[in-house]
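Notes follow once the structure below has been shown.
The values are calculated or read from the model by the stated rules, or taken from the named source; none is laboratory data. Not measured: the values here are computed from a predicted model. Glycine also receives a Cβ, built like all others from the backbone with ideal geometry; neighbour counts cover every protein chain displayed. Note: accessible area is taken over every heavy atom of the protein model, side chains too, but ligands, DNA and RNA are not part of it. Shrake-Rupley method; radii C 1.70, N 1.55, O 1.52, S 1.80 Å.
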Amino acid sequence: MYLAPEKKQEIFAKHGKSGADTGSAEGQIALFTYRISHLTGHLKKNRKDYATQRALQLLVGKRRSLLDYLKKKDIARYRAIVKELGLRR
């Protein structure tokens, strides 16, 4: 698999509250962003992989939902994660 448990733990340690905190919105958004970038690279090579394209669209929607939630609950955390990950919004 492209995402080893060590890499996942590293993402959560960097963006979540701790390495074991897998439920925080920031950690989930960071994980989704990593997966989105991986799938985007795959789709650049395999244009007609429609199953992966659908999976990518679902991931982008989930990330957008979490970002909207975070924006509604705590605007400072929202701005910090968007700046840290380099997202447009």
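Between the helical axis of 5-15 and the longest alpha-carbon principal axis of the chain there is an angle of about 40 degrees. Placing +1 on each Lys and Arg Cβ and -1 on each Asp and Glu Cβ, with no other charges, gives the chain a dipole about its Cα centre of roughly 460 debye.
Using the Cβ-Cβ distance between residue 42 and residue 72 with R0 set to 41 Å, the FRET efficiency works out to roughly 0.80. Just grab the label-to-label distance for residue 3 and residue 50, each label 7 Å out from Cα along the Cβ direction, in nm (one decimal). My value for the distance between the label points is 2.5 nm.
List the trypsin sites (Lys or Arg not before Pro) in the stretch 1-67 that DSSP assigns to loop (not H, G, I, E or B) and whose Cβ has at most 14 other Cβ atoms within 10 Å. Which are they? Could you put the intermediate results ahead of the total?
Details: sites: 7, 8, 14, 17, 35, 44, 45, 47, 48, 54, 62, 63, 64; in loops: 17, 47, 48.
Qualifying residues, ordered by number: 17, 47, 48.
Ratio of Rg to Rh for the chain: 0.99 [Cα atoms; Kirkwood radius as inverse mean 1/r over pairs]. Taken over the stretch 24-85, lysine pairs spaced eight or more positions apart, or on distinct chains, with alpha carbons under 19 Å apart number 7.
When the accessible area of the chain is split by element with a 1.4 Å probe, what percent falls to carbon and sulfur?
Details: 3220 of 6220 Å².
The C+S portion of the solvent-accessible surface of the chain is 52 percent.
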